[in-house]
1. Conditions: (1) exposed (fewer than 15 other Cβ atoms within 10 Å of the Cβ); (2) more than 23 Å from residue 140 (Cβ to Cβ). Residue 60 meets all but one. Number of the miss?
2. Give the residues of region 115-132 that are out of contact with any strand residue (DSSP E or B) (no Cβ under 6 Å at 6 or more places or on another chain) and closer than 15 Å to residue 171 by Cβ, sorted by residue number.
3. Quick check, is residue 24 part of a loop (DSSP other than H, G, I, E, B) and surrounded by fewer than 18 Cβ atoms within 10 Å (Cβ to Cβ)?
4. For the structure I just gave you, tell me whether residue 48 is within 23 Å of residue 127 (Cα to Cα), assigned to a loop (DSSP other than H, G, I, E, B) and modelled with pLDDT under 95.
5. Based on this model, can you work out whether residue 100 counts as assigned to a strand (DSSP E or B), at pLDDT 95 or above and buried (at least 19 other Cβ atoms within 10 Å of the Cβ)?
6. For region 172-190, what are the residues that are touching a strand residue (DSSP E or B) at 6+ places or on another chain (Cβ under 7 Å), more than 26 Å from residue 115 (Cα to Cα) and assigned to a loop (DSSP other than H, G, I, E, B)?
7. Considering each residue of region 67-97, count those that are surrounded by fewer than 14 Cβ atoms within 10 Å (Cβ to Cβ) and farther than 20 Å from residue 36 by Cα, and give that number.
8. Looking at region 173-201 only, could you name the residues that are without any contact (Cβ under 8 Å) to a residue 24 or more places away in the chain and over 23 Å from residue 215 (Cα atoms)?
């Protein structure tokens, strides 16, 4: 779960694109393989860690790894094409080359919460990598208790992988709660704010862990709702990746009171995260 390499001293690895899969109009999954077979064989990461992907002549950007930690053949990243570097990555074809540094960061405490119910809360468009946490739990179902998936989007069409949510809802000990602020009559889930769903969540607060990603305001409200249900602060975790600008440009913009989100996170326990969220612009 700890940072595996220093951000400044991490080696740069050449990598080849194995596949570029279009997930939606702006979202794609880039599968890479390190050119050095020995480096690929020893590459290890924890869910919630990220790589720096570098496109020659364009720039470098932090991207979360969405592979399963036990997968050894490829290293996968789901990316939203928003700016120059990510649009350049979206244009890559199998056989094209990039460079990779990492993994970096502190990931989710999945190794430490065996036997617990797992509550996953996501909101907005930039939490696609949280699907890898859901897959991690489902592939190791015997290690965990109930799985509660709570997802909020602004518009119904923003929900990527809608079919997966329907399949997950049919699985044993799995609850799926989805909300859209704006939706048509054909929308099968809740219409409204995602925070309105917490009263329906079925988990044991005495033996549960919550992991969330989304806009700061949503995470604050969700944290308050979960804590009100009796979830201990020590088992509430937030991903603060929206504030990792400095990892790419050296600007220090992700720093607050000596804490760098890119170096010390991006996953923080609520006791740490609430201090970060208290600083405007962090």
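The values are calculated or read from the model by the stated rules, or taken from the named source; none is laboratory data. Here the structure is a predicted model, which means the values were calculated and not measured. Positions of Cβ are generated from backbone atoms using ideal geometry, with glycine treated the same way; all protein chains shown enter the neighbour counts.
1. Unmet for residue 60, out of (1) exposed (fewer than 15 other Cβ atoms within 10 Å of the Cβ); (2) more than 23 Å from residue 140 (Cβ to Cβ): (1).
2. Residues of region 115-132 out of contact with any strand residue (DSSP E or B) (no Cβ under 6 Å at 6 or more places or on another chain): 115, 124-126, 131-132.
Once the filter is applied, which keeps residues that are out of contact with any strand residue (DSSP E or B) (no Cβ under 6 Å at 6 or more places or on another chain) and closer than 15 Å to residue 171 by Cβ, region 115-132 yields only 131.
3. Values: part of a loop (DSSP other than H, G, I, E, B): yes; surrounded by fewer than 18 Cβ atoms within 10 Å (Cβ to Cβ): yes.
Yes; evaluated as a whole, the condition is true for this residue.
4. On the way: within 23 Å of residue 127 (Cα to Cα): yes; assigned to a loop (DSSP other than H, G, I, E, B): yes; modelled with pLDDT under 95: yes.
Yes, satisfied.
5. Details: assigned to a strand (DSSP E or B): yes; at pLDDT 95 or above: yes; buried (at least 19 other Cβ atoms within 10 Å of the Cβ): yes.
For residue 100, the condition - assigned to a strand (DSSP E or B), at pLDDT 95 or above and buried (at least 19 other Cβ atoms within 10 Å of the Cβ) - is met.
6. First, the residues of region 172-190 that are touching a strand residue (DSSP E or B) at 6+ places or on another chain (Cβ under 7 Å): 173-183, 187, 189-190.
Now restrict to residues that are more than 26 Å from residue 115 (Cα to Cα): 179-183, 187, 189-190.
Result: 183, 187, 189.
7. Total meeting the criteria: 4.
8. Passing the criteria: 185, 186, 188.
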